[in-house]
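Accompanying notes for the structure given below.
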Amino acid sequence: MMNHIYHKFLCFLAVGVASLSTSPCFAQAQTSPKLSVHWEELTAADFREGIHRSQGTCLLPFGILEKHGPHLPLGTDLLDVRYAALHAAEQEYTVVFPEYYFGQIAEARHEPGTIAYSRNLQLALLQETTDEMARNGCKKILIVNGHGGNDSLLPFFAQTQLDKPHDYVVYFFDERTPREGGPARKTKIDMHAGESETSKMMISRPDLVHQDRAASESGADQHRQKIPENVYTGIWWYTRFPFHYSGDGSAATHELGEYQMSWWIDSVVKAIREVKADDVSLKLQNEFYEKSTHPLDTQP
Ligand SMILES: [Zn+2]
């Protein structure tokens, strides 16, 4: 506060009273401050302004801690998804929730460094997190998923928001890699710590990529399960990729990473804009909750 007043005093001395209203000093004092997109960096008053500026739309980037082949860090999904979400929020202002990695990863419990919370805790923590975000004004919560194993958690979580009334809507965005375009890919199997994911890490945290180790384990599909594709079982991933590695990270390039990461950021920007513009979901969700209290009175 003292510095701010002192600065204004110096301006006053420098430009004089007559020209003060047109001086750069005055303009600087009047323009609205640049707000951080990081929830944890905002003051309480700036948080209120951030929620207003984001029209009540908040991002929850969702990562995990799990092995990523022999060459990428445990937090790859968290680091990548936060890179994409934070850059998107800079382009289309939204408040971004801090590091969140409490997701579904039972299939990597045999590997060092995996943190696999129980199923009840995953659901309870996510519900309380979104409830608390909403209590603080986030009426549209866009979960940006960075981890494939959360595909087993997030649709169930979003769907069960209908079980009782909430004054907010949960959306989730679940794409990380473009299906086509950009530099040609060299590998066919590319699901986990492979060419695409390693390339993206070369953009978000190149200092953590140990590409020289990428070929020291096999990420090949071992095809050990002999049941039809339309019959599901949780062990499928381990039967195919027992080293929690799917693909070949040594094929990664900076060029592919740049293409995929900028596609990801653009896609999140579009999703934020669409969520902000959505004036239907909350309205119909409320209508649905009301009707669900007296189903026998609703029309056939
Ligand atoms: Zn990953």
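Computed values, structure above
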item	result
Peptides 40-46, 271-277 ordered by average Cβ neighbours within 10 Å, highest first	271-277, 40-46
Dipole of the stretch 178-300, positive end: most advanced residue of Ala193, Tyr259, Asn230 [Cβ charges, Cα centre]	Asn230
Stretch gain in nm, segment Glu258-Glu175, where the contour uses 0.36 nm per residue and the Cα spacing is subtracted	28.3 nm
Gain in span if fully extended, His110 to Asp167, counting 0.36 nm per residue against the direct Cα distance	16.5 nm
Dipole-positive endmost among Phe241, Pro183, Val170 within the chain (Cβ charges, Cα centre)	Val170
The chain: angle of helix 44-53 to the longest principal axis, Cα-based, in degrees nearest 10	80 degrees
Cα long-axis angle, helix 254-277 against the chain (0 to 90 degrees, to the nearest 10)	60 degrees
Rg/Rh for the stretch 146-237, where both radii come from Cα atoms and Rh is the Kirkwood radius	1.05
Residues of type aspartates and glutamates that Lys291 reaches as a straight line, Cα spacing below 15 Å, ignoring anything fewer than 8 places off in the same chain	Asp163
Relative packing of peptides 223-236, 151-164, 182-195 - highest average C-beta neighbours within 10 Å first	182-195, 151-164, 223-236
25 Å Cα-Cα threshold exceeded, pairs from Lys67/Lys164; Lys34/Lys270; Lys139/Lys200; Lys139/Lys164; Lys186/Lys226	Lys67/Lys164; Lys139/Lys200; Lys186/Lys226
log10 of Debye I(q)/I(0), alpha-carbon scatterers only, for the chain at 0.10, 0.12, 0.15, 0.16 Å⁻¹	-0.67, -0.88, -1.18, -1.27
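Read-outs: derived from the displayed coordinates by stated rules, not from any lab. Since this is a predicted model, take the numbers as computed values, not measurements. Heads up, the Cβs are rebuilt from the backbone with ideal geometry, glycines too, and the neighbour counts pull from every protein chain shown.
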